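Accompanying notes for the structure given below.
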Amino acid sequence: MNDWKNVQAFLEGCPEVILVVHDKPDGDCLGSGLTLCLGLAGLGYKPVMLLPEAIPEIYHFLPGQEYVEIRAKSALPESIPVITVDCSDMERLNYKINESNPVLNIDHHVSNTCFGLLNIVDTDAAATGEIVYSLLGEAKVEITPEMATCLYVAISTDTGSFIYSNTTAKSLRIASELLAQKTDLDLIRSELHETRPLSELLTIKAALENLFISEDGKMISCTLAYKELQEKKLLTTETDGLIGMLRATEGVEIALLFKELQPGLVKISLRSKSYLDVNALASEFNGGGHARAAGCTIKGDLQEVQRLVFKKTNEHLKGQSAL
């Protein structure tokens, strides 16, 4: 199967193309999206990646940001093709897509709703970066060191530096090929793993002040309230390291992070260790993701949201622990 032929047909006669990623962008969607911009530009297209705010500080080193345009959340220009990158459903997009915008949906989440006119969704891929790598290979695009660096970040972040259960032989093969294509591993190590913003440490400190562990030790959670985050200027701080630390706690099966994005709107990140399907749990609240990593956003009072999620989490723990 050659998905690139379908992409060519999708973009035929349309040199301009808009790329959008999911809210609170991570390394996979940013690395994949920037690589697509670089690749499309090399093929003669005019890509632009729209973001409502600057790229998170920890990813500021990624190449290709000359194609990023900061634009307030709004409806997109009509008729221009839109490529959504690493987005499982339309609700996660930062922009409203018009009916006149044809949509190409590139993703790897099992919860993807296949909302595009063209859907390239591979749920066996460990990261959307793997799909983008395959697409560019089909297009005979030369992978430059800049593209290799972006794709390595995409795949390594979604596999937890190649130790999560979603890591496959294909993931490692692609990573090896990217290193041969001059991935700047020194830059990635320095900027992504050896340099962390102070705001991240302060966020961890704030979260641990609201630490909860269930009596049986299987569930752990932390809470970040909007008022505190706003006062300490921590609203946009990366929290992947925090949720990973919670998940790694001895005896824990599921880690939950409640982050109040604004009063009455709570984002929940879910990570499991061995058997609990957090995608199924998140889907109870119109969220989704993967079996071991998922998320959802719920409207309501923070404490009430916690009570509801804890109740459902306990139900899923009891239901799946016996399997």
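The values are calculated or read from the model by the stated rules, or taken from the named source; none is laboratory data. Fair warning: this is a prediction, and the values are worked out from it, not measured in the lab. We place every Cβ from the backbone using ideal geometry, glycine too, and count neighbours over all the protein chains shown. Just the protein is used for accessible areas: all its heavy atoms, side chains included, with ligands, DNA and RNA removed. Shrake-Rupley method; radii C 1.70, N 1.55, O 1.52, S 1.80 Å.
Take the residues of region 149-160 that are on the phi < 0 side of the Ramachandran plot and among the small types (G, A, S): which is surrounded by the most Cβ atoms within 10 Å (Cβ to Cβ)? Walk me through it before giving the result.
Filtering region 149-160 down to residues on the phi < 0 side of the Ramachandran plot leaves 149-159.
Now drop any that are not among the small types (G, A, S), which leaves 154, 156.
On the way: A154: 33, S156: 27.
Checking each candidate, the answer is A154.
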Can we say K182 is part of a loop (DSSP other than H, G, I, E, B) and touching a Phe, Trp or Tyr at 6+ places or on another chain (Cβ under 9 Å)?
-> no
Search region 229-258 for residues being surrounded by 17 or more Cβ atoms within 10 Å (Cβ to Cβ) and among the acidic types (D, E), and hand back the single one that is modelled with the highest pLDDT.
-> E253
Enumeration of residues in region 161-187 that are surrounded by 18 or more Cβ atoms within 10 Å (Cβ to Cβ) and touching a residue at least 40 places away in the same chain (Cβ under 8 Å) = N166, T167, S171, I174, L178
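Looking only at residues in region 79-88 that are in a loop (DSSP other than H, G, I, E, B) and open to solvent by less than 30 Å² (accessible area, probe 1.4 Å), which one is nearest to A282 (Cα to Cα)?
Looking only at region 79-88, we keep the residues that are in a loop (DSSP other than H, G, I, E, B), and these are 79-81, 86-88.
Pick out the ones that are also open to solvent by less than 30 Å² (accessible area, probe 1.4 Å) and you get 81, 86-88.
Numbers: P81: 30, D86: 17, C87: 15, S88: 13 Å.
The residue in question is S88.
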Write out, first by first residue and then by second, each pair whose Cβ atoms fall under 8 Å of each other, whose residues are 6+ apart or on separate chains, and whose first residue, in region 259-276, is touching a residue at least 60 places away in the same chain (Cβ under 8 Å) and open to solvent by 30 Å² or more (accessible area, probe 1.4 Å) while the second is in a loop (DSSP other than H, G, I, E, B) and not hydroxyl-bearing (S, T, Y).
-> K267/K24
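Can you tell me which residues in region 4-35 are part of a helix (DSSP H, G or I), in contact with a helix residue (DSSP H, G or I) (Cβ under 6 Å, 6 or more places away or on another chain) and not hydroxyl-bearing (S, T, Y)? It would help to see each step written out before you state the result.
Let us first name the residues in region 4-35 that are part of a helix (DSSP H, G or I), namely 4-11, 27-35.
Checking the rest, the ones that are also in contact with a helix residue (DSSP H, G or I) (Cβ under 6 Å, 6 or more places away or on another chain) come to 4, 27-28, 30-32, 34-35.
Scanning region 4-35 gives W4, G27, D28, L30, G31, L34.
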Could you please let me know if E146 is of a type in the set (D, E), farther than 20 Å from P47 by Cα and open to solvent by 20 Å² or more (accessible area, probe 1.4 Å)?
-> no
Can we say E91 is without any contact (Cβ under 8 Å) to a residue 24 or more places away in the chain, in a helix (DSSP H, G or I) and open to solvent by 10 Å² or more (accessible area, probe 1.4 Å)?
-> no
Do you know which residues across region 160-188 are among the polar types (S, T, N, Q) and closer than 18 Å to G33 by Cβ?
-> T183
Of the residues in region 282-308, how many are closer than 13 Å to I254 by Cβ, of a type in the set (A, V, I, L, M, F, W, C) and either assigned to a strand (DSSP E or B) or in contact with a strand residue (DSSP E or B) (Cβ under 6 Å, 6 or more places away or on another chain) (or both)?
-> 3
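Taking the condition touching a Gly at 6+ places or on another chain (Cβ under 9 Å), open to solvent by 10 Å² or more (accessible area, probe 1.4 Å) and not in a helix (DSSP H, G or I), does P63 pass?
Values: touching a Gly at 6+ places or on another chain (Cβ under 9 Å): no; open to solvent by 10 Å² or more (accessible area, probe 1.4 Å): yes; not in a helix (DSSP H, G or I): yes.
Spelling it out, it is not the case that P63 is touching a Gly at 6+ places or on another chain (Cβ under 9 Å), open to solvent by 10 Å² or more (accessible area, probe 1.4 Å) and not in a helix (DSSP H, G or I).
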